[in-house]
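Undergrad: To start, I am sharing the structure in question, which I have written as structure tokens.
Any read-out appearing in this document is the output of simple, stated calculations on the displayed coordinates, not a laboratory observation. None of these values were measured; they are calculated from a predicted model. A quick note on method: Cβ atoms are made from the backbone with ideal geometry, for glycine too, and the neighbour counts reach across all protein chains shown.
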């Protein structure tokens with residue numbers, strides 16, 4: 001079962017769950033609706049159904065929007081309990097973030113496989129192999145530091 005199908009199944013279960021899962025059902029309904037809208041677009045008709053990467057991208061976009069809304073609401077002194085609950089629900093679908101040690105190991109693995117790799121090379125491999133599991137700025141800084149330790153110029 002791909003991620004989009006899992007979202008639809010979870011939505012069905014949340015709808016059947018009664019009052020205690022009503023908020024989850026609402027959040028999932030919006031997300032599934034957006035995903036279905038993408039799937040029905042003319043361009044998607046030629047390509048086929050959403051894959052997991054596209055569904056994850058949609059979830060990430062929603063989580064980032066929630067983060068921004070929560071930040072604004074907090075600065076205005078508003079209650080953000082529901083937004084945090086929705087964020088936690090959606091974040092459960094995202095892959096686990098890499099720890100600093102895992103990120104360093106991934107960068108070192110790239111450097112082992114590609115001696116003489118530059119910063120751009122490292123970032124391209126990280127993006128291809130670990131998309132969405134790390135913060136890009138943190139990865140760039142760690143890669144620059146590790147490239148410097150290895151005596152490689154970090155020029156792209």
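Undergrad: Can you give the helix-only mean residue ellipticity at 222 nm for the chain, where every DSSP H stretch with n ≥ 4 adds -39500 (n - 2.57) and the sum goes over all residues, rounded to the nearest 500 deg cm²/dmol?
TA: So the helix-based figure for the chain works out to -23500 deg cm²/dmol.
Undergrad: Could you tell me which label, among (i) 25, 17, 14; (ii) 36, 21, 13; (iii) 55, 26, 21, carries the value of semi-axes √(5λ) of the Cα gyration tensor in Å calculated for this structure?
TA: Recomputing semi-axes √(5λ) of the Cα gyration tensor in Å here gives the entry labelled (ii).
Undergrad: Checking the a/c ratio against 1.5 first, then a/b against b/c, what shape does the Cα gyration tensor give for the range 3-91?
TA: Oblate, because a/c is 1.5 or more while a/b does not exceed b/c.
Undergrad: Sticking with the crude label model, points 7 Å out along Cα→Cβ, report the distance from residue 149 to residue 78 in nm, one decimal please.
TA: That separation, rounded to one decimal, is 4.4 nm.
Undergrad: Could you pull out which residues in the range 46-81 have an amide N less than 12 Å from a spot 7 Å beyond the Cα of residue 23, following the Cα-Cβ vector?
TA: What the label zone holds, given the 12 Å backbone N cut-off, is 79-81.
Undergrad: Between residue 51 and residue 39, what length in nm is gained on full extension when 0.36 nm per residue of separation is reduced by their alpha carbon distance?
TA: Separation in residues times 0.36 nm, less the Cα-Cα distance, equals 3.3 nm.
Undergrad: Most fluctuating residue of 34, 102, 54 in a GNM of the chain with Cα springs under 10 Å: which is it?
TA: Of 34, 102, 54, the most mobile in the Gaussian network model is 102.
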